Each structure stands twice: as structure tokens, then as C-alpha cells.
């Protein structure tokens, strides 16, 4: 197969921070030939920096997806438009990577699933944290049965004071929610993936709007309290059909010293695992625990596999995500992040918001 031709829809922060630099390293697999953004200048800047010579720019995504030479679309827009753009791109015969979360609710996510099945085009959701070194090792340990039957887990997505003050993060209509749907989605995706358990029985949750006026010490600068339309924290209690239980915590601005984002704690019948920030480097660190010969054992694997000063180039989770996605298309295999799994994540997040609104437990099929 010749080099894949990629069209980018949405040329904002996540495009420049993750997708475009990662794809630019994979010239053996793909090239970016078209860019779209509602702000024309942003599309032009992205095309100039990352596109092939003569790359086209658009302000209307419907014009971009009509280009028959494009094989793959990356949907990097606000959450409220994920479903519509993804379905239109699939119907136009393109494979689609959509940024997380899959959609703002389960109904829109299901439409995406149906469209992928109907068109027989590949669809994946950008949960890049699965591609971290610690995440891949823990998944292998879970698959090998090192932890045994995982029956209790905590999904961590907690910041102390790091409310995003750019873009539309605080816009409920465009995003569908706050930290729960923004960063809680990553922690929940990892946890379900490790447990390999997507059969949900019930969900209870609470959402808090407590700190919108406490904006002086924010990492990203002060925000406008009048624009803070979403929750500043949310928690969920998730019970699976086999009675396994997950506690999900998410916040942009919690008064806590236990700050962990896109991490999980797993408790199994044979052992446990915790993801925590490295005390010095700050990067995710993996801690495995079990018992051996009548003694409690803790293992802290070394994640740094490169040799300093010898020209080794760090491969990021974004690089791995992009390569695995493109190879899945070229080799006609499943992407690591399956849309059916992302659909369950969206369903749970929606149920937490519903439970928080009604004060009642939500029963899921």
C-alpha cells in the first residue's frame, strides 16, 4: 500500500501538542495533505509547519472530507462535534481517529459505532496513555495473571490547581462537562482496559461546583468565574456485573496533595499495582505488590531504557499511538483502542453525570 494520506480537522492545542508532531515523524507511513479549522489562520499555520508542499486548507470540514485522495481523518475538535464529524468522515470512506472522549453522550457515541460497522472503516479514540511504558508493562502483567482476578480498582484523575483556562474547556455546551469528561476519561479507560471488564451493572456519582471563585493560585493563570460552567470535581462508584468495583475520582482543582492523573490502582487476588508520579522526575511510575515466601513484596520497575549521550531518541506515547494506528490501517488489523471500549467509557461518564443530577443510582444494561 502507498503512503497514507491524512486530513486534519481541528488545528488547535491538542493537534500541535500531540498529533501533528507524532505524525510528522512517520513519513514512511503517512503524509498530511489537508488541514481544516474554523479559524483559517490556524489551518494555514498547521499546513505550513506539518503539511506536504501544496497542502490544502479549509474552514469547512465537509469540503475536506470530499477529497477522494484522503485515506484517514483525525478529528481534533471540541467534544460536541466529535460524533457528527466522525460519522460524516466514515460515510465519506475515511478511517477515523477521534480525540477523546468519544462523544458527549452515549447516544452520539453509538451513532459513531454504527457508522464504523456500516462503512467497514476503522475507528479509534485517542487514549494515548495506554501507550506509556508503565501502562504497557502493567497491561502485560494483567494479561499474564500476575494480579489474579482484579476485583477492586481506583481510577485517578486529580489535579490540585490546574484548571485549563484556554479553549473551550469550561464551556459545558461544547465539552459536555469538566474534569470528569476531560481527564477522568483517561483514568477510566486505563482501568477498564487492565481489568478487561466492560460489563457494567450500576453507576453512582457526585459532581461538585465548589471552587469556581478560588482562581488566584491556578497553574495556568486566573480564570473568569462567570465562564466556569462545568464541575470542578466529580467522583463515581461503578459496579460491574461480576461485582468488581471501580472508584473514579476526577478534578481540576481539588484541595489535596495526592495528585495523580491518568493513573490507576488495581487490587487483585494475587497481587496489586499502583501508578504514582515518580518522586523526582514526576513521570508515571509503576509499583507492583504481592507476597512471596510468606513475605510482602514491592517491585518498582525501571522504566528508563535509553542510554544517555548515545544519541537515543525518546519515543513518546503519542508516537506509539500514531504508529500503531497507521499500521492497523495498512495491515488491516484492530487498533489498540477499540471503539466498543471507548463507548463503554462514555456510557459510564454519562451515567455519573446523570446520577449526580438526580441523586439516584443509574442501572445499565
* Asked: Roughly how many Å is it from the Cα centre of region 115-157 to that of region 30-50, as a whole number?
  -> 31
* Considering only the chain, what is the antiparallel percent among its DSSP beta bridges, to the nearest 5? -> 60
* Just subtract the alpha-carbon distance of residue 360 and residue 196 from 0.36 nm times their residue separation and send over the number in nm, one decimal. => 56.3 nm
* Asked: With the chain treated as a Gaussian network of Cα nodes joined by springs under 10 Å, which of 280, 183, 299 yields the largest mean-square fluctuation?
  -> 280
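Which length gain, in nm to one decimal place, applies between residue 60 and residue 303 when the Cα-Cα distance is subtracted from 0.36 nm times their residue separation? Please report the intermediate quantities before stating the final value.
Working: separation 243, 0.36 × 243 = 87.48 nm, distance 4.33 nm.
Gain in length upon complete extension: 83.1 nm.
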* Asked: In which sequence would 267, 36 go, from the one with the fewest C-beta neighbours within 10 Å to the one with the most?
  -> 267, 36
* Can you give the angle from 0 to 90° between the axis of helix 40-50 and the longest principal axis of the chain, with both taken from C-alpha atoms, to the nearest 10? -> 80
* Structure fact -> Cβ density ranking, 10 Å radius, fewest first, applied to 124, 185 yields 124, 185
* Asked: What angle, in degrees between 0 and 90 and rounded to the nearest 10, separates the Cα long axis of helix 317-330 from the longest principal axis of the Cα atoms of the chain?
  -> 60
* To do: Would you mind checking region 253-274 for residues with the amide N under 11 Å from a putative spin-label position 7 Å along Cα→C-beta of residue 152?
  => 266-269
* To do: Put one equal scatterer on each alpha carbon of region 4-126, apply the Debye formula with no solvent term, and list log10 I(q)/I(0) at q = 0.09, 0.11 1/Å to two decimals.
  => -0.21, -0.31
* Calculate for the chain the 222 nm mean residue ellipticity that helices alone would give, adding -39,500 (n - 2.57) per DSSP H run of length 4 or more and normalising by residue count, nearest 500 deg cm²/dmol. => -8500 deg cm²/dmol
* Asked: If we count other beta carbons within 10 Å of each Cβ, what is the order of 353, 146, fewest first?
  -> 146, 353
* Asked: Could you give the angle, 0 to 90 degrees to the nearest 10, between helix 82-91's Cα long axis and the longest principal axis of the Cα atoms of the chain?
  -> 50
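None of the figures in this text is laboratory data; all of them are computed from the coordinates on show. All values reported here derive from a predicted model rather than from experimental measurement. Neighbour counts run over all protein chains shown; Cβ positions are idealised from the backbone, glycine included.
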